[in-house]
Amino acid sequence: MKELIKRAAIDLVNSKYAIALTGAGISTESGIRDFRGPKGIWTLDPEAERRAYQTYHKFLANPKEYWEERLSGKPLLGDLEKAQPNSGHYALADLEKMKIIKCVITQNIDNLHRRAGSRNVIEYHGNAFKLRCLNCGSRFDAGGFDLERLRRKGKLPPLCPTCNSALKSDVVHFREPIPKDVSDQSLEEVSKCDLMLICGTSAVVYPFAALPRIAKERVVKKEGKWSPVTLIEVNAEPTPLTQEGITDYLIQAKAGEALPKIVEEIRRLMQN
């Protein structure tokens, strides 16, 4: 792994526009369960996954019932407010401060990248701490709404202050389209990158899993010649990206272990 860490550090230092893609694997190190790993939520409870497929259409049909169920049920991922960023999150924030990583596109809804200090974050599947209006696209901090009080008074769902439509969680549910602004921003970042650092994603959930494949089809100018975008994978286990040869190389380790070592190596390179 040591040689691959050095290789990744060199590739990142030589990049002009590097971005990171992250998935549940980076947050499991903060105690947040994943969905499709060996002990994942859907793996251990397939019925919960089947119910989750109904959530988006439930909101469309009956926003009040949607909110009553959300407020009365136990959160699938536990109490996200108690989760803390880990060394992998902080390493990506450091890479952004060093002006190497330009953007993080994450599948995670836990807000940990922002809490770790990353500023340019695209939350592909939304943010559990925000509400979103499907009508006008506005987003609001969930803390600005007393949802329990609205439930007690029979005034659910919360309404959009901009257009008075029913608000839903910003989290993107099964069968719900990725919000257009998020999809457009993500594709724009992929179209600009010359290096993609892929951390802790199983790469099986679409359309997010298409982003590395889109990047792989591009060529960029490096050292005066045209070359494919460099894709580096940091994952505890190989993924379809590894098996299909989408990524250039795999650093087989947890993000919280490998990313700080990459940062350390980059600092060493920049001092020389």
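The values are calculated or read from the model by the stated rules, or taken from the named source; none is laboratory data. Every value quoted in this text rests on a predicted model; they were computed, and no experiment measured them. Every residue, glycine among them, receives a Cβ derived from its backbone with ideal geometry; neighbour counts consider all protein chains shown.
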What are the pairs with Cβ atoms under 8 angstrom where one residue, in segment 189-203, is in a helix (DSSP H, G or I) and the other, located anywhere, is among the hydroxyl-bearing types (Ser, Thr, Tyr)? Sequence gap at least six, or different chains. 192/17
Among the helices (runs of 4 or more DSSP H) confined wholly to segment 51-120, which include 3 or more residues that are surrounded by fewer than 18 Cβ atoms within 10 Å (Cβ to Cβ) and either over 14 Å from the mean Cα position of the chain (by Cα) or in the same structural domain as residue 166 (by TED's automatic domain parsing) (or both)? 55-61, 63-72
Just to be sure I understand, how many residues within segment 121-180 are touching a strand residue (DSSP E or B) at 6+ places or on another chain (Cβ under 8 Å), of a type in the set (Phe, Trp, Tyr) and in contact (Cβ under 8 Å) with a residue 24 or more places away in the chain? 3
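Is it fair to say residue 190 is over 16 Å from residue 8 (Cβ atoms) and buried (at least 16 other Cβ atoms within 10 Å of the Cβ)?
On the way: over 16 Å from residue 8 (Cβ atoms): yes; buried (at least 16 other Cβ atoms within 10 Å of the Cβ): yes.
So residue 190 passes the test.
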Filtered residues of segment 170-184 (kept if modelled with pLDDT of 95 or more, assigned to a loop (DSSP other than H, G, I, E, B) and surrounded by fewer than 17 Cβ atoms within 10 Å (Cβ to Cβ)): 177, 178
Does segment 185-195 include one or more residues that are in contact with a Leu (Cβ under 9 Å, 6 or more places away or on another chain), over 27 Å from residue 137 (Cβ atoms) and at pLDDT 95 or above? yes
Report the residue count in segment 33-50 for those that are in a loop (DSSP other than H, G, I, E, B) and either at pLDDT 85 or above or of a type in the set (Gly, Ala, Ser) (or both). 2
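For segment 180-193, check the following and say yes or no: at least one residue is of a type outside the set (A, V, I, L, M), out of contact with any Cys (no Cβ under 6 Å at 6 or more places or on another chain) and more than 30 Å from residue 232 (Cα to Cα). Full working, then the answer.
Going through segment 180-193, the residues of a type outside the set (A, V, I, L, M) turn out to be 180-181, 183-186, 188-189, 191-193.
With the extra rule that they be out of contact with any Cys (no Cβ under 6 Å at 6 or more places or on another chain), the set shrinks to 180-181, 183-186, 188, 191-193.
Within this subset, residues satisfying the condition of being more than 30 Å from residue 232 (Cα to Cα) are none.
No, segment 180-193 has no match at all.
Do we find that residue 253 is not assigned by TED's automatic domain parsing to the domain that holds residue 95 and not aromatic (Phe, Trp, Tyr) in this structure?
no
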Considering residues of segment 40-55 that are hydrophobic (A, V, I, L, M, F, W, C) and free of Cβ contacts under 8 Å to residues at least 24 places away in the same chain only, the residue nearest to residue 67 (Cα to Cα): 42
Scanning segment 154-209 for residues that are within 27 Å of residue 250 (Cβ to Cβ), among the aliphatic types (A, V, I, L, M) and more than 16 Å from the chain's Cα centre (by Cα) gives 195
Would you point out which residue out of 37, 31 is touching a Ser or Thr at 6+ places or on another chain (Cβ under 9 Å) and closer than 21 Å to residue 203 by Cα? 37
